[in-house]
Amino acid sequence: MSEPLSRFGRQWLVMKFGGSSVSSAQRWTTIAEQAGRGIKSGRHVLIVVSALTGVTDLLTGLADESRQSGRKGILDEIAIRHRRLMQDLALGSCPEFEDRWQELAALNLENQFPLNAASRAGLLAYGELLSSALGKRVLQQFELPVVLQDARHCLHAAVQGVHNPLTVRCLDHADPALEEQLADQSQLHITQGFIVSGPDGETCLLGRGGSDTSAALFAARLQAVALEIWTDVPGMFTADPRVVPDARLLNNLGYREAQELASMGAKVLHPPSIQPARRHRIPVYIKDTQRPEFAGTCISSEDREAQAQVKGVVSRAGVTLISMENPAMWHQAGFLADAFTVFKQHGFSVDLISTSESTVTVSLDPESAENSDGARFDAFIEELTHLCRVELRRDCVSISLVGNSIRTILGKLSGALDVFQDRQVHLVTQSANDLNLTLVVDAEHADSLVRKLHQLLIVSHSGSRAEFGPSWIELNRPVDKAVKRIAWWETHANALIEFMGGRESAYVYHPESMRSAARQLQSLSSVNRVLYAVKANDHERVLRLMAQEGLGFDCVSLAELEHVQSVVPELSPEKILFTPNFAPREEYEAGFAKGARITVDNSWILNQWPSVFKGKDIFLRLDLDSGH
């Protein structure tokens, strides 16, 4: 099915490539191939690029460095990273890159360091200005008709209230004049993410992660038919794969779900980038530059009939909680207004909030907390103490269960929430948009809680549902190039058919396959003892074969234990593990008498029959489901 034309009559495709995607020669080949794909399909293509990996951090260090010698070292490192990439790409001369580099070097000499906010914004912009100039030369080398655009001539800050050039916002209205201007110039363009122009033409920034937002703004203004966010992972996952390796790829999401996942901790997508796409109904595709053939995650309009379920378990570190207690606030009109006025005056925004009769607990928006200096924060807390008693709790972690219609499945979540037993939960909130349930806990417990919640709420329920793709482990598992093994029954097919004769059914065992399996298990370096479960098959020949291969035996009843010892009388009793369940005292005594090792699976029998176990070596079977 062909895609519809945009309201401007042309199909625009906006592709954003992040820092990891523009930092290697191999990935620039992918960028060129994707640009060529878009052009061949008849579309107009706009490529938005971030700075090379680590360059924005280096520029931030440059802005803070007061020593000339220190700044020179940073500039040298920035130059090395770009020129090494240019060498890998065999670019040769790149005039526009050299022009930008000379501008950056001049800023280093002209500015007074450390820089104020306006000068800092101008300096930080050079990461994207350098990478886009370099990118234009790469695409030209692939014989693509590319034009380099300055994003500051296309996107302009919408100034409201206090103007901070480091974190501005832009309007996302359709812009027919911009669309016509770009379409007349070429079918392919490359520009910078992260940067826009301010009210006086000065450089302003969209905040860290702002390249995603730049791409979404361009997509909205050009009324693009699709926005592609290219990164180093093949989409959004049900959890952070670094914490949960069996996190599942999310094949498709609604705009609101994606916004919530990004806002509550998923790092793949910058949260503000969703809104322009949602308002203009532009589908967003998250794709992997390393594996461009993967479909990735598609973010589009919500399915109103979609089943209520948890789509992700995400966490966010570095959460600061502020509890404000004042017994007089009960029935006091305007207390929250007074308190939040203090937040506003000092530039701190609230993220999560929970209230009671005399206490309000909030978490600070991580971005506003991260961008604050110590003196400003101390002044903020000092003024807040005039209204109430303030208690601070830093370095917490929020854990959010994200999905459609969370309120309708609270009953189904109750069992999973048992994982918080014996853990101190500092704050619980359920979002007004019914898309998340969030709990704030101490950082030391966060990863284990996320893993358990993911197992209980996603892995055990996702099955083959279309919205869930393969796990991170499956996507990154090395391809097994070993020759396919032929099952023993394939090679013995004729003999099996002849053996069956007129029989309707039969059990047939293959000793060599059993021996091979036993030897493979015993070759595992991480296992020092292999036991055969007698309950699996207690046939005499099977037991003797396992004993010959050196395996021990696991017995769950006294009858099994006696059967093993009668079939393999030469077996050392210590190679038998006796694991009775709810057995009488006599069975434990008989097991010890026969020389077997005994498994104890509850403390009751130790308390009731201490004389039976006194001085004995035992195995303990522990249930770790309590979270300890």
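The values are calculated or read from the model by the stated rules, or taken from the named source; none is laboratory data. These figures come from a predicted structure and were not determined experimentally. Here Cβ is always computed from backbone atoms with ideal geometry, including for glycine, and neighbour counts include all displayed protein chains. Note: accessible area is taken over every heavy atom of the protein model, side chains too, but ligands, DNA and RNA are not part of it. Shrake-Rupley method; radii C 1.70, N 1.55, O 1.52, S 1.80 Å.
Quick notes on this structure:
- Selected residue (criterion: farthest from VAL233 (Cα to Cα)) from residues of segment 273-292 that are open to solvent by less than 40 Å² (accessible area, probe 1.4 Å) and outside any loop (DSSP other than H, G, I, E, B): PRO276
- Of all residues in segment 435-456 being under 22 Å from GLN307 (Cα atoms) and open to solvent by less than 20 Å² (accessible area, probe 1.4 Å), the one that is nearest to the chain's Cα centre (by Cα): HIS454
- Check on ASP422, more than 19 Å from VAL243 (Cβ to Cβ), modelled with pLDDT under 90 and in a helix (DSSP H, G or I): no
Listed here are the residues, each with its yes/no results for (1) of a type outside the set (D, E, K, R); (2) surrounded by fewer than 17 Cβ atoms within 10 Å (Cβ to Cβ).
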{"residue": "ASN433", "(1), (2)": "yes, yes"}
{"residue": "GLU467", "(1), (2)": "no, no"}
{"residue": "GLU474", "(1), (2)": "no, yes"}
{"residue": "ILE497", "(1), (2)": "yes, yes"}
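- Filter pass, LEU401 being open to solvent by less than 30 Å² (accessible area, probe 1.4 Å), within 22 Å of the chain's Cα centre (by Cα) and of a type in the set (A, V, I, L, M, F, W, C): yes
- Screening PHE553 with (1) more than 30 Å from PRO584 (Cα to Cα); (2) among the aromatic types (Phe, Trp, Tyr); (3) open to solvent by less than 100 Å² (accessible area, probe 1.4 Å) gives one miss only, at (1).
- Among the numbered conditions (1) assigned to a loop (DSSP other than H, G, I, E, B); (2) farther than 19 Å from ILE473 by Cα, the only one that CYS298 does not meet is (1).
- Residue check for GLU504: under 27 Å from SER603 (Cβ atoms), modelled with pLDDT under 95 and either open to solvent by 50 Å² or more (accessible area, probe 1.4 Å) or in a helix (DSSP H, G or I) (or both): no
- Tally, over segment 554-610, of residues that are touching a residue at least 24 places away in the same chain (Cβ under 8 Å) and assigned to a strand (DSSP E or B): 4
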